[in-house]
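Here is the structure we will look at, set down as structure tokens.
The values are calculated or read from the model by the stated rules, or taken from the named source; none is laboratory data. The structure displayed is predicted, hence computed values, not measured ones. Every residue, glycine as well, gets a Cβ built from its backbone with ideal geometry; the counts of neighbours run over all protein chains shown.
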Amino acid sequence: MDTIHKIGRRKTAVARVYVSDGKGNITVNKKDYKAYFTTPTLQYKVLQALNLTDNATAFDINVNVFGGGITGQAEAIRLAISRAMVELNEENRAILKPEGLLTRDSRMVERKKFGQKKARKKFQFSKR
């Protein structure tokens with residue numbers, strides 16, 4: 001099998017995922033994923049697509065991720081791995097689609113407007 005390259009995004013995080021045959025090793029920015037994502041919740045998010053498709057020990061995954069925070073990065077990796085699982089086997093789409101793992105979460109931070117404190121917050125109004 002050739003290496004499959006997929007990209008996932010979430011907020012300002014961008015993850016490039018390279019999937020190849022192996023024993024289930026996942027490296028994120030040249031570290032083990034358990035060292036990079038220390039909380040069990042984030043580790044679960046990274047493995048979610050692999051566990052649903054029963055491929056947790058079938059592939060080695062190398063990830064380059066940058067931008068955003070660790071939660072956005074974990075969700076970007078999840079999307080990229082989900083896309084790779086669908087490319088490997090089209091039947092995985094029926095498993096991953098109802099879980100919402102193939103949908104790009106397009107919510108971004110709203111920009112700050114001039115004349116205001118933040119995106120929605122205003123400066124205090126003084127009548128007199």
Hits in the stretch 4-38 - residues which are over 23 Å from residue 104 (Cα atoms) and not in a helix (DSSP H, G or I)
20, 21, 22, 23, 24, 25, 30, 31, 32, 38
Of (1) more than 19 Å from residue 10 (Cα to Cα); (2) at pLDDT 95 or above; (3) not in a loop (DSSP other than H, G, I, E, B), residue 119 satisfies all except one. Which?
(3)
Got at least one residue in the stretch 66-78 being aromatic (Phe, Trp, Tyr) and touching a strand residue (DSSP E or B) at 6+ places or on another chain (Cβ under 9 Å)?
yes
I'm trying to understand the selection: among the residues of the stretch 52-73, which are part of a helix (DSSP H, G or I) and farther than 12 Å from residue 8 by Cβ?
52, 70, 71
Under the condition of being touching a residue at least 60 places away in the same chain (Cβ under 8 Å) and within 15 Å of residue 58 (Cβ to Cβ), which residue from the stretch 2-27 is surrounded by the fewest Cβ atoms within 10 Å (Cβ to Cβ)?
4
Test result for residue 88, within 17 Å of residue 102 (Cβ to Cβ), surrounded by fewer than 20 Cβ atoms within 10 Å (Cβ to Cβ), at pLDDT below 95 and touching a helix residue (DSSP H, G or I) at 6+ places or on another chain (Cβ under 7 Å)
no
Hits in the stretch 92-122 (condition: of a type in the set (Asp, Glu) and surrounded by 10 or more Cβ atoms within 10 Å (Cβ to Cβ))
99, 105
Checking the conditions here, which among 49, 76 is within 19 Å of residue 6 (Cβ to Cβ), in a helix (DSSP H, G or I) and either in contact with a Cys (Cβ under 8 Å, 6 or more places away or on another chain) or at pLDDT 95 or above (or both)?
76
Out of (1) free of Cβ contacts under 8 Å to residues at least 24 places away in the same chain; (2) on the phi < 0 side of the Ramachandran plot; (3) under 14 Å from the mean Cα position of the chain (by Cα), the one residue 93 does not meet is (3)
